[in-house]
1. Go through the stretch 266-282 and give me each residue that's surrounded by fewer than 15 Cβ atoms within 10 Å (Cβ to Cβ) and of a type in the set (Gly, Ala, Ser).
2. When you look at Ala319, is it open to solvent by less than 40 Å² (accessible area, probe 1.4 Å), in a strand (DSSP E or B) and touching a residue at least 60 places away in the same chain (Cβ under 8 Å), yes or no?
3. List, please: which pairs have Cβ atoms under 8 Å, are six or more places apart or on different chains, and start with a residue in the stretch 229-245 that is of a type in the set (D, E, K, R) and end with one that is open to solvent by 60 Å² or more (accessible area, probe 1.4 Å) and in a loop (DSSP other than H, G, I, E, B)?
4. Of the numbered conditions (1) surrounded by fewer than 13 Cβ atoms within 10 Å (Cβ to Cβ); (2) in contact with an Asp or Glu (Cβ under 6 Å, 6 or more places away or on another chain), Tyr24 fails exactly one; give the number of that condition.
5. Name every residue in the stretch 357-373 that is crowded, with 17+ Cβ neighbours inside 10 Å and either at pLDDT 90 or above or among the hydrophobic types (A, V, I, L, M, F, W, C) (or both), in order of residue number.
6. Please find, within the stretch 225-249, the residue that is farthest from Val269 (Cα to Cα) out of those that are open to solvent by 30 Å² or more (accessible area, probe 1.4 Å) and hydrophobic (A, V, I, L, M, F, W, C).
7. Is it the case that Thr159 is touching a Lys or Arg at 6+ places or on another chain (Cβ under 8 Å), among the β-branched types (Val, Ile, Thr) and surrounded by fewer than 23 Cβ atoms within 10 Å (Cβ to Cβ)?
8. Could you please find all residues in the stretch 261-316 being of a type in the set (Asp, Glu), part of a helix (DSSP H, G or I) and closer than 24 Å to Ala194 by Cα?
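The values are calculated or read from the model by the stated rules, or taken from the named source; none is laboratory data. Values in this document were obtained by computation on a predicted structure and should not be read as measured data. As a convention, Cβ positions derive from the backbone with ideal geometry for all residues, glycine included, and neighbour counts pool all protein chains shown. Note: accessible area is taken over every heavy atom of the protein model, side chains too, but ligands, DNA and RNA are not part of it. Shrake-Rupley method; radii C 1.70, N 1.55, O 1.52, S 1.80 Å.
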Amino acid sequence: MLDPLRGRVDDRAALDLDGRALTYRELARAIEEYNRAHSGVRVYDASALSTAEALICVCAAARRGIPVHVENPEVRPARESIPAEALLLVATSGSTGAPRPLARTARSWYDSFPAFSVISGVRATDRVLLTGPLHATMHLFGALHALWSGACVTDDAGTATVVHAVPAVLREVLARAPRLRTAIVAGIALDAGAVAAAGELEIVEYYGSAEVSLVAARRVPEPLRVIDGVHVEVRDGLLYVRSPYTVLGAPDWFPVGDLAELRAGGELVVRGRGDGVVNVGGATVVAEDVERILGGVDGVSAVAVIGAPHEVFGEIVTAVLELDASATLPAVRSRARALLSKEAVPRRWITLPALPRTASGKVARGDLKNMVL
């Protein structure tokens, strides 16, 4: 059993979501009432609940020591069994395919919260803005960490002091969030355009995955560093992680699948998915490297880079862009030629009104490939 509120029962704000405001005293009472009303249920399901009700449900499950589903209700992964020690029944984002079921203990997240507090600077006086659904694990992690910290979880951008967001969503939030002090970004690599849009805002970027949780973090512009207690190895260019924060059933060294480089002092450079490499006439182009550069070009709101089959070169780099009203495709292409190596310059350019995205805000690469290839 776990008390996710750490015994906190006072009149400070805990939740301000879905038009519902609860103090920590009221949240503790709501958790008790939820457990009384569901005393005969052995597995909770928060998947289809509102954000406020879902957090009450998750906290209630933690207090009882029973598992709780927090999955996308529209794309539920098949689950053959539930490990006895599981609390959170979650899934991968599905950005490159169908979501895969995962199960993790309470400790696999809660034990990392002290380190994450130091990294993020979240404190009890903060109002922490969520920008995606709880079945996207970065938002569930952020919400539970906020409650553990004694902060208020909110969907009101106007009063938020901290935000959890992928870089593309951060750009959209900034104009509506005048009181922000810190932006916590994850999910995809931070691009120069998002950094520029954030201005003087403090940016904390962390790297991880639904399977291994928190792996490395940084305060921009410092380099990304592996956090204490987590070990990484790079084998044939691909990242492997050994961590106390992995999901149940994971191998001792988990193959994350990202291209990476480990430098002196624990500095980690992540270069994107191993399956995100485009082989152009024998030259290796990392899609996320190109995305980071194009994402910093004026007028580019969002970008995804994929490989398209080619009879001569094997593959060519294809850039799919969202542009704002200030940008023209010829201008973006001209800037790209000045910034990228010859092999990395996209040979095919596509503009879309909006890139397809997962619920967390990541580009849904599987859907994108089906649209443009």
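1. Correct list: Gly281, Gly282.
2. On the way: open to solvent by less than 40 Å² (accessible area, probe 1.4 Å): yes; in a strand (DSSP E or B): yes; touching a residue at least 60 places away in the same chain (Cβ under 8 Å): no.
Considered against the rule, which asks whether it is open to solvent by less than 40 Å² (accessible area, probe 1.4 Å), in a strand (DSSP E or B) and touching a residue at least 60 places away in the same chain (Cβ under 8 Å), Ala319 comes out as no.
3. Between residues of the stretch 229-245 that are of a type in the set (D, E, K, R) and residues that are open to solvent by 60 Å² or more (accessible area, probe 1.4 Å) and in a loop (DSSP other than H, G, I, E, B), the close pairs are Arg242/Asp252.
4. For Tyr24, the failing item is (1).
5. Correct list: Ala359, Val363, Ala364, Leu368.
6. Leu248
7. Numbers: touching a Lys or Arg at 6+ places or on another chain (Cβ under 8 Å): yes; among the β-branched types (Val, Ile, Thr): yes; surrounded by fewer than 23 Cβ atoms within 10 Å (Cβ to Cβ): yes.
Yes; evaluated as a whole, the condition is true for this residue.
8. At the first step, the residues of the stretch 261-316 found to be of a type in the set (Asp, Glu) are 261, 267, 275, 288-289, 291, 298, 311, 315.
If we keep only those that are part of a helix (DSSP H, G or I) as well, we get 275, 288-289, 291.
Within the stretch 261-316, Glu288, Asp289, Glu291 meet the criteria.
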